[in-house]
Structures are given as structure tokens and as C-alpha cells.
Amino acid sequence: MDPPETAGIYTWWHWMDKAITREGITKDLEAMKDQGIIGATILNIGLFGGKDFGVPQVTFNTPEWYSMFRFALEEANRLGIEIGIHNCDGWSTTGGPWIKPEQSMKQYIWTTTLMEGGQRVSARLSRPKAKMNFYRDVAVIAWPSPAGIINQTDIPDIFVNDSINGHVLNDGEPFSFIELSIDDVVLFSFKQPTLVEKIAIHPYLHFQWGAVDLNSRFDIEISENGKAFQKYISINITEMNKTSLIAIPPVTAKYLRVLPREISGLGNNQSINISEIELLKVNETPRYFPSITSHLEKTVALQSRSMDKMVNVDKVESDANPILLGNVVDLTDSMSADGRLDWNAPAGKWIIARFGYTTTGSENGPATAEGRGLECDKMDTSALNLHFKNFPRKLIDAAGDYAGNTFKYLFIDSWECEYQNWSEDFPSAFEKRRGYDMMPYLPVLCGHVVGSAEITETFLNDFRKTIADLIEENFFKHFSTLCHKHDLELHAEVIYGGTHYPPLDVLRSNKYIDLPMTEFWAASGDPSNTDLSNIDYSPGTRLNAITPTHACAVYGKSLLAAEAYTGFAHYSETPWDLKPYGDMAFSFGVNRMVLHSYVHQPWDKKPGFTLGRYGSHFNRHNNWWQHFSGFSSYLARQQYVLQLGKPVSEICYFIGDRMPDFQARQPLYELPYGYKADHCNPDILINHLVMDEGKIILPDRAAYKMLMLPDDHVMELATLEKLEKLIAEGAIVVGPKPLRCLSLNNYDRDNQKLRSLADNIWGNVDGKTVYENSYGKGKVIWGRPIHEILAGENMDPDIENNCEQPEIFLYYHKVLGDQDIYYLVNQSNELKQVEFLFNVADKSPSVWDPMDGRVHPCMAFKEEESRTRIPLTFRPRQAYFVVFDRVDAGEHFIEIQKSGITIFPSVEGKTGPVFPRLEVNNDGHVEVYSLRGGEYSMVSNKGVKYQVNIPETEIFSVEALSGTIEFVQADTNARTVAINQLRSFTEYDDPFVKYYAGTARYQVRFDLPQGWIEKGYSYAINPGETGASSDIKLNESPLGICWEPGSEINVDGALTEGTNTLEVISTNVWRNRLIGEMNKLIPDSGSWTTSPIAQYLNEDSEIFPAGFSGPVKLLKYKPGLITFEGHEH
């Protein structure tokens, strides 16, 4: 298995804070080429505040910077490396100083005024508080005030810390706020003593990565003279982005103070943003008190902490007094340019809303000062055109003839620009896509129920769907068009979905991306592990950003890249530490690794530049980089195979018509082991799925046995009509009956059609007493556990194993022509001997090992009806492919016994004695290897019984040895140390050795007993622990690069009787040396890094084993030999 160079890995190449040199560019690219990297993505980053590191600074977007970019292309072209670049300064997302507020991401804002009607009204409407003094009006609307609405009548003066005007705390605008810390003081000064019976407080948080579990306490103090205050009561606030209305014992006072006393649950924040604080009488209503719960979340104004807040139609405070649609009055033409309203108001109380938009203020980053600016409007192609002209187009011009070849692609990294819910042409875009005018529903965007709770929630879904459509079409699709116009590809980490991001059809948006990307981190999955430098892999780790894998499956994209091994800059990770994370990602469909990260090293100071606190260390200053080709070759072999064919899933999971989609409640993750599902969206369901011979077919891509729906009762009529067609033609569909539509356009008519059609399809299915209903050739099922449904439909799992914890093995299945390719991963740190049952028959299996590229035919397997059983052995953390070919398997073993005990097939699902290793030699004979030896009896598929007796493997432990360690990359104190045993550097007393980081060359001599080398035997060496990575020779014969602890390497022809010399060039990580320097136990040797290393390591941190510590063992095998009768395999 020798993959082509095109199967190689890529890397991100971060250029940090203007510290860029031509010498560093050349050395970096040559180091990449030497170690198997075939592509690099440049990201120009500003993380250190413009700090001058002593490297001549190269400022972003200057002729000198473009000259550096051009030079990088010239060098990459010389070396055959493909180059891409992020589309703006920083890693998120798309913007720069050329973007003005008019072209930036926008959000709607509003103010409301309560007015008495029955008279001519002439009043200036307050303008909503805007960011960067940018505001544009959209509309002025009015509606009758619900009965009983009385705003605060006694308006106090408000001061924060006696100096800051705090009037924003009672302006009714949730987006204007004051940041309060412990011991800040908010003073309310009334004109006269005033009765206070309740307090309204609205904490505001626009966005935060990580958990939010607010726990805050405020003291309320009172005073009659404004000088002497006494505590009156404490109140607790635990809900974010909601106006909490708290009744207190009535009190009359002229002065009151609100003091934050406790703030927790906001990550590292020691302060809290407060939008509103109002001191009210019992009959008064806060100025911002929406009748729609989670109003700001549902309108995409800020982050929702859970999907439940977004989708439940019952999540409204009250629709007892909804605004009638016909009572909403458009007063836009009645307001002058200066905000004065002139209106002959009908009798009654009216709420007047001045509705407009401002910039979100979101900026690209982390960028250098010269590259930082506003993010462009993601719903407006003209804004993206302006951005493209001001940076990507300049890159294309600088690249010249390299554009489209060496300069291959533009890149969009993580969406970290948060939310956008408006654009200049949003109302017209809404009407074009949704089929009705949104203006009568603007009160909903201000937090009020219009028509009913159901109508309101349906409008909100239309609103979010319009946002999703515009981001998809005007950003991702248009960006792709711009790239293709200039012969460039677009690579991107499209929004992953969920509530951390704006609503988007993520699957369809990835359709426009030439290389979709996901990401995974190399960080411990154990929540109790607070040491970020401990990256022990936890079995059960999963790829969190899973949507791009489904996008590739359903839209037929053969490549899925991943931002790979993202971690923290603690200088502790080795390839062996990283391996299981990558294997896990491969098992979810990733087939191109993009390393995170190779940080540009402008000079030779070590360990060098980092991406601030982030990133694993893939660069030439990492000690084990000189051997990285061993790891990169392992990755390339897996990528080569996984880039072939099409993925196999038994089930298609429809994510629903809601926006955002309904994945949070999907039963997908509850599927039993051995079943997988692809996500599909309305586009795939309606426009692509067809029935053929009882299967749900996605032409040229997949064939499914079942379609699952989300646990939801809403659906578009067009979706149900397509489901009806599929079911009538034979589809099995699992899901509840839909009860209503999701769009207001033709709502009553479509609801009637939907309910009638749903009644026909589902019949009496309620999921409680009736669980399924036949319709046409197909059926619908709901209410039974999924494992019961699968069994009832005779759907065998794609794969099974007899391990006590089957899920310890990850798997991924692809089909290439007549080949079935299974990728299997042992997540444990233990050797596993397991029987697998594959849902494949009439094919010949073989094992493809990406560690060394060797292919081994499986000589023991048994077909059972339409499935194939194979015994497989896995080393700790081993991953490999089992490939089934439609070729004659020839004679092979279907039953094996050892000493009269059947070990294959297993008895009652239990694995017996250690299974032998079976290999076919060059003469076509089967060699049987067994570590413990013994008598084996084997029955072939021809009915022939074979017996073989194998001697126990001899193991020679190398204990008597002599040699030296030469520390070849040390500082001026470099030295050679004589040794007579192998042990970790950490066991030495000499601080130089104990904390050594670098390369150590071992020359180890040992003697073999006379007569130990015998004809007919095979020999291997297990060198034990050889460091983070090593290059090994035995008696001048290269054994290759080793980075797997305890691996066995064949030494036939290299091992001799008498004296043998083992040469091991061992490397280790920087960790121990940095700890030694912190303890001042070794001289300051000039170690230099931009990592905030003290965040990860300190004087008390554990030092990790390092160097070549063995133990070395030599293994002497004598295989049993079996020759099939009359057949040469």
C-alpha cells in the first residue's frame, strides 16, 4: 500500500505578528517537504499586540508583505507544495479596515414609546442606541397597547459609581447595557419618596464559548438623604438574557442603591452586563418585558444556550392579549428625518416602535492592527465584493502566474463573528423568499405576540430561515463564485450548526465549498482532567463538529479535511499521544489532515513561535520533527484509502424543516452499535431521494434501508408530500405525525392539506398504543425503541464484535466498486483479540495495515448466511483496514482449535486462547505464528483438516549491554555519557540529562548467545520505549522510524550471533527542559518561546519519561507451515 504523493497531509502555516523572514519561509517549506507535507495554508495572525520580537517587522497589506507572499509561492513552487491563504487577516472570519459600518454585519434595534391616542400626536421618537454612531431607520409601527400595561411612572435619575449616567438601565433597549463588577454602585434618585414593590433586572450576554451557569446576588440598599444607606434586601438572579421580575416587601424611599455582591458562572468573567434595572410598583410593567420567552435568542440577536429555547411553540409567556394583525399600523411615512412623529392617533393607548438597524461591531481577528476591521455583511454580496477587492484580489495579483496552480485556494476558517439578523435589503429579501410582507409582524421582533403563539413562532421560523438563506447564498455561495472566477478553490469550515452559530442549512452550504472542513482537538476527554498538558485519549471521544461529514456524504464530495490535533502550546505531545485523535477523526469520515499548526519560525530560537496559547507543535523546532515523516506516512496511507469510494450508512436521518435544524433531539446518537446514519436536509429529501427495489436511493451516492424523522410535530407541506411518495413506493419511515406547517405563507390552506395527508399516512399511530401503519408499499413507525424497530425490520448491523464493550472499536465503511472497505480502530491501550461479524458475503477479506503499508490476506474467516466472521488481533491503539474483494478466496480456515479448545469461531461469543497469526509466504504456504506455541488443528472451507505444532516463541531480554549516549543537539554543555543500562532521562541525577530536550544518539552493544540464530526461524526486535520518535539501525541495517512504543520490527538478516550494535537516534519533547529551567536546575540555555507556558507547566509539573529506555527484547519464532492440498494460495 504505497499511496501517491497527492494523498499527503496539509498544514496551517501561521505568520505571527509581522515576524516574517525570507530565511524562515525557505526553512519552513523545506522542512515541510522533507517530512511529507504537500500543502500549507497561510494565516496572518495578530495575537501579541504588535510586539516587536526583534525580527524586522513586515506589516500586513503592504507591498513588502505581498512580496513575502510572492516569495513563499516561489519557494513552494520550487518544492512542489500547494499554498492557500485565509481570506482576511486573523482566523475569523471575513473583514478588514476597508469595511465601513454600511457594509458590516448588522442587527436590528428598536425603541418603544407608550402614547395616549384620541388626539393628534406630535413627538420626537427616541433613536435606538447604535454602535459606532451608525443607524438607519427601517419602519415606524404602532399597535394598541394591551390592557393593563403601565410603564414606570416615577422616573429616577440613575448614576453608576456617582459619575456615570445610567439612563440606559431604564430605556427599554436590551442591547444597551452597563458592565458591573463587584462593589460597583448603581444609585437611583427619585424626585420624591417612591413606593417600590418589585425589581426588574435584565442581565445581558451576547456570546460566550463554554458553559454559562449564572449565579449572581445583588444587595438593595435604601436611604432618605442619599448619604446614609442601609441594606434592605438581597436578590438572586440566575437567568441570563431574560428580564427577571422579583417581588420585594414594599418599601418607600427616595434613594435606592443596587450593588452586585456575587457574580459567578460566566467563565473567567468577574463582571456582568446589565441592560435594565427598574424599580417598579406592583401594577407597573418593565419597558422590556417580552411576551415571547427567549425572544432575543429566537430572533438571532444573541446566543441561545439550548435548542429548547428555540423550537418549542409553547415557550411564550402569554398570548391572552395578542396583537391582532389588522391592528398593526405602519407610520413610517409619518416620521420626519429627525425622528418627529406626526400622527392623528385613534383613541386608546398605543405602543409606537421606531425600528431600524446598526452594525454588530464584530471585527475580524485575531488580526494585526493594520488588518483589523469590521466583518463584512454576510447577507450582502456587495459587501463581500468590496472585501474581495481589497484583499483576495490583491493576493491574486501578487501571485501572478502562480494563481490557480501553486496558489490554489482561499480559506474561510472558524465562524467566530457571532450573529447577524439584519441587512439593508432584508424586508424585500424576506418577501421574495417567504411570499408575504414581514412589516405587520415587526412587533414580534420587538418581543410581542402577533395573532397567536403559533402564528408568532411560525413567523419567527420564517425570519430565521431567511437569515439562513441569505448567509448561504450571499456569503458561502457567492464567495465560491468569486474564487472560481479567478481559478481558485474555496476551502472552508462552514458554520457547524446548533445555537453557537446563526441559522444556516449547513449541509447545503457545504455543497458550494471545494474542500469542506471540520475540526478536532487533541485534548483529554476526561472532564476531571484539569491539566491541559495531559492529553491522554479517552475512549468514547467523538468528532463534535459532525455536520460536514454528512454534507460530504449526501452531496457527493470525496474529500473532507479537518483542522487536526488542535491543542495547547504546552510542548508535551508526541505522535503516539496524537495518534488516537486522528484515528477517531478518520472513523467519522475525515480523509485529509490539516495540521494545527505549523507556526512560522522566522529565526532559529527554540522552541520558538507559537499561536499564542494554542496549537500542537508541528514545526522544525520541535525535536521530533526530524522523524515526522514516519507519522505523516501513516496518515497518508489512511487518507489514500479513505479518499476512495463512497461511505455506507443504513439509515437516512432527516434533520427537519426548522431553522436552526433539530439535531439536538435526534435519535441518531442512540442507534445501537453497528448502525450509522447520514443526515439529510429538505433539499436532499425533496429533490434527490428516490425509491428503487425497496431501498431509499440517493443516486450515485447511497442506498438507505430506513428514513428517520426528528422528534418534532412540525413540517413543511412539500416535505410531507415527498415523504408520502416515498412511503407509498415502499419506504420505511420512523417518526411522529406532523401536526402543522412551518411557514405563514398559505398557512391555513397548507395546514389543512398537511393534516389530512398526515392522517392518511399515519392513521391511528400515536406512539403509545398504536406504533405503525402500512401505507402503500411502505410504512410509518413511531414510539418503539429504535433497537426494536431495527430488529423488527430484520436490519442486521453493518458490523458486530464480541468484545465486552463493542464500542471500544470505532469503524467506518466505504464501498469502492465491488470492494467493501472497513476502517477499524482499537481505542484502548490493550491488545485485543476480537471476532468481527461483517455484513458482507461472497468476498475475500484482507488486512491493510497503514503503519507499514503491508497487505495481509485473511486466512481465517467464515461466511454465515449473508455475513462474514473474522478473528482479528489489534495492538494497543492499532487501526487498520479490512478490505473485501470480489475474488476467489481460495482455501482458508473456517475452524481453529488449540489443544482441543475451539478458538474460532468463538464459543458463546467468548474469545478463547490467544489466536495465532497467519501469514502467506512467498511460496504460497501459510505460516502459523504463536507467541505461546502449542498444537493447532484447523479445518478449511474445503473440509480438509490440518494440524501443526508450534514451538513457544523464545524471548531474549537485552540486559547486559554497554554503550554511549551522545547528546547531539544540546547547548555548549553538550556531552557523551557512557551507559550499561537503559533508563529514562528522568531517572538520572545529572540535571543536564534529567531535563534534557533534543536529540540523543544511542550506540548500544549486546551479545547474543552462541547458537541462538538458527535456520528456519524468524526474528524480531521489540525496542520498548524509544522516545517521542526514533530512527533505528541494527548492525548498520536501517529498521526505520519508530514512534509506536513496544512495536515489533523484523530483523531477519540484520541480527547476528555474537556482538550486535543497536543505534537509536531518539528525540523527546521540550516539556522537561522547560520545567527544569523553571526550577533553575539547569542553566538558562536560551530557550525561547511565545507560549504562555506558565499556564500549563510550573515547577511542580510532572516530568515525562524521555529517551531510549527499553526494555529491548528479541523474539525468535518458528512458524508452523501449512500447504493446502492441490492448491497454492
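Here are the numbers for this structure:
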read-out	value
Förster-model FRET efficiency, 41 Å R0, Asp219 and Asp1100, C-beta, rounded to 0.05	0.55
Distance between the range 636-653 and the range 552-611 - C-alpha centres, whole angstrom	20 Å
Antiparallel bridge percentage (DSSP; both residues within the range 689-775; nearest 5)	65 percent
For the range 570-578, 3J(HN,Hα) per residue [Karplus equation, 6.51 cos²θ - 1.76 cosθ + 1.60, θ = phi - 60°, Hz, x = Gly/Pro]	10, 6, 10, 8, 10, x, 5, 5, 7
Furthest towards positive pole of dipole, Phe1104, Tyr441, Gly1076, structure part the chain, Cβ charges	Tyr441
With Cα atoms, 0 to 90° folded angle of helix 22-34 axis to the chain main axis	50 degrees
Pair Gln752, Lys231: separation of 7 Å Cα→Cβ label points (nm)	6.5 nm
Vicinal HN-Hα couplings computed from phi for the range 474-483 (Karplus, 6.51 cos²θ - 1.76 cosθ + 1.60; Hz; Gly/Pro x)	8, 10, 5, 5, 5, 4, 4, 4, 4, 5
Karplus-derived 3J(HN,Hα), 6.51/-1.76/1.60, for each residue of the range 159-176, Hz, glycine and proline x	10, 10, 6, 6, 10, 8, 5, x, 5, 5, 7, 9, 9, x, 10, x, 8, 9
Ratio Rg/Rh, restricted to the range 649-792 and using Cα atoms, in which Rh is the Kirkwood radius	0.93
Separation between Cα centres of the range 703-770 and the range 870-910, rounded to whole Å	45 Å
Contour excess over end-to-end distance, with Cα ends at Gln819 and Asp338 and 0.36 nm allotted per residue	165.9 nm
About the Cα centre, charge dipole magnitude for the range 1-131 (Lys/Arg +1, Asp/Glu -1 at Cβ), debye	1240 debye
Listed residues His925, Tyr946, Ile896: farthest to the positive end of the dipole of the range 890-952 (Cβ charges)	Ile896
Convex hull volume per residue for the range 213-369, taking Cα atoms only, in Å³	251 Å³
Selected from Ser844, Ser743, Asn802, residue furthest toward positive end of dipole (the chain; charges at beta carbon)	Ser743
Net lengthening on full extension, Ile901/Glu830 (0.36 nm per residue, minus Cα-Cα)	23.2 nm
Span from the the range 460-538 Cα centroid across to the the range 990-1063 one, whole angstrom	46 Å
Given charges at beta-carbon only (K, R positive; D, E negative), |dipole| of the range 157-286 in Debye	320 debye
The chain: antiparallel DSSP beta bridges as a percent of all, rounded to 5	80 percent
Modelled FRET efficiency - R0 41 Å, Glu1036 with Leu931, Cβ distances, 0.05 increments	0.90
Ellipticity estimate at 222 nm from DSSP helix runs (n ≥ 4, -39,500 (n - 2.57)) divided over the chain, nearest 500	-5000 deg cm²/dmol
Neighbourhood net charge (12 Å Cβ-Cβ; Lys/Arg +1, Asp/Glu -1) for Asp469	+3
Projected label distance in nm at Asn745 and Arg393, using a 7 Å step from Cα toward the beta-carbon	3.4 nm
Order of Thr1059, Thr566 - criterion: other Cβ atoms within 10 Å of each residue's Cβ, fewest first	Thr1059, Thr566
Least to most buried among Trp625, Trp91 (fewest other Cβ within 10 Å first)	Trp625, Trp91
Spin-label model distance (nm) - Ala728 vs Ser452, 7 Å beyond Cα toward Cβ	2.9 nm
Principal axis dimensions, the range 836-948 - Cα atoms, whole angstrom, descending	33, 33, 32
Extended-chain gain in nm, criterion 0.36 nm per residue less alpha-carbon gap, Ser264 and Ser558	101.2 nm
Reported label for calculated semi-axes √(5λ) of the Cα gyration tensor in Å given (1) 52, 46, 25; (2) 59, 39, 31; (3) 60, 39, 27	(3)
Packing-based exposure ordering (other Cβ within 10 Å, fewest first) of Met379, Met706	Met706, Met379
Calculated FRET value between Ile149 and Gln208, using beta carbons and R₀ = 30 Å, to 0.05	0.35
Computed over the range 960-1110: relative contact order in percent, which uses C-alpha pairs under 8 Å that are six or more apart	30 percent
Relative contact order of the chain, defined on C-alpha pairs under 8 angstrom at six or more residues apart (%)	10 percent
Amide H contacts under 5 Å for Ile292, placed H, 5+ residues apart	Glu317
Test item: Cα-centred dipole of the chain, Lys/Arg +1 and Asp/Glu -1 on Cβ, debye	1700 debye
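Bear in mind these aren't lab numbers, they're just calculated from the coordinates by the rules spelled out. Computed from a predicted structure; not experimentally measured. All Cβ positions, even for glycine, are placed from backbone atoms using ideal geometry, and neighbour counts span all protein chains on display.
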